[in-house]
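Beneath this line is the structure, given in structure tokens, with notes to follow.
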Amino acid sequence: MSLETIAMNSVVQINYVLRGDDGAVIDQSEPGEPLTYMHGHHQIVVGLENALAGKNVGDKVEVKVQPEEGYGRRDGTPQPIDRSAFPASAVLEPGTQFIARAPDGSPFPIWIAGVSGNTIFIDRNHPLAGKILHFTAEVTGVRQATAEELSHGHVHGPGGHHHH
Ligand code: ZN
């Protein structure tokens with residue numbers, strides 16, 4: 001039997017729970033549906049990824065992640081824009097993510113921070129920016145990436161990317 005250790009390009013499966021500083025659950029993997037990612041490509045929060053390096057199936061990690069290794073520090077404050085800037089059918093709720101375009105056409109994510117009548121407050125910060133994150137995770141799978149996965153830079157198959 002071979003025991004894979006998590007290293008660059010490993011395909012890793014984890015069950016995880018993310019809590020905030022107050023202990024409340026922010027996010028977690030669904031039972032029987034582990035998160036699958038390719039290690040070393042910052043497809044998951046960097047602080048969690050670093051904590052998983054060198055681990056094996058069955059290992060558990062508990063890590064406190066500072067904003068610098070999480071979703072970054074907050075930069076700037078939410079800005080008000082008129083609702084008409086959004087498609088009429090768009091659901092505008094706090095936390096909803098949209099892709100905006102800079103004047104040069106490059107895409108960047110924005111999040112709805114608040115709604116007041118026809119005024120929508122948009123924020124370029126991820127909702128978890130500035131927050132300390134507490135992860136507990138258990139490694140449920142580790143394997144080497146296939147040549148095709150390596151060339152694409154992402155995982156294929158169950159839990160991963162599907163091409164049609
Ligand atoms: Zn692919």
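The values are calculated or read from the model by the stated rules, or taken from the named source; none is laboratory data. Since we're looking at a predicted model, the values are computed, not measured. In this analysis, Cβ positions are derived from the backbone assuming ideal geometry, glycine residues included, and neighbour counts consider all displayed protein chains. We work out accessible area using only protein heavy atoms, side chains counted, and drop any ligands, DNA or RNA first. Shrake-Rupley method; radii C 1.70, N 1.55, O 1.52, S 1.80 Å.
What does the charge count around P87 come to, taking other residues whose C-beta lies under 15 Å from its C-beta (Lys +1, Arg +1, Asp -1, Glu -1)?
Details: positive: R83, R101; negative: D82, E93.
So the environment of P87 carries a net charge of 0.
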Which value in Å is the Kirkwood Rh of segment 47-101 over different Cα pairs?
15.4
Counting C-alpha atoms alone, how compact is segment 79-123: give Rg to one decimal and Dmax as a whole number, in angstrom.
10.2, 30
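Using a cut-off of 14 Å between beta-carbons, work out the net charge of the residues near E69 (Lys and Arg +1, Asp and Glu -1, E69 not included).
Numbers: positive: K64, R73, K131; negative: E49, E68.
Once positives and negatives cancel, what remains is +1.
Rounded to the nearest whole Å³, what is the per residue volume of the convex hull around the Cα atoms of the chain? Before the final figure, lay out the partial values.
On the way: hull volume 27.7 nm³, N = 164.
Given the Cα convex hull of the chain, per-residue volume reads 169 Å³.
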For segment 79-123, the percent of accessible surface on carbon and sulfur atoms (probe 1.4 angstrom, ligands and nucleic acids excluded) is 56
Environment charge of R124, counting only residues whose C-beta is closer than 14 Å and scoring Lys/Arg +1, Asp/Glu -1:
+1
Charges on Cβ only, +1 for Lys and Arg, -1 for Asp and Glu, centred on the Cα centroid of the chain; of G20, H39, I112, which one is farthest towards the dipole's positive end?
I112
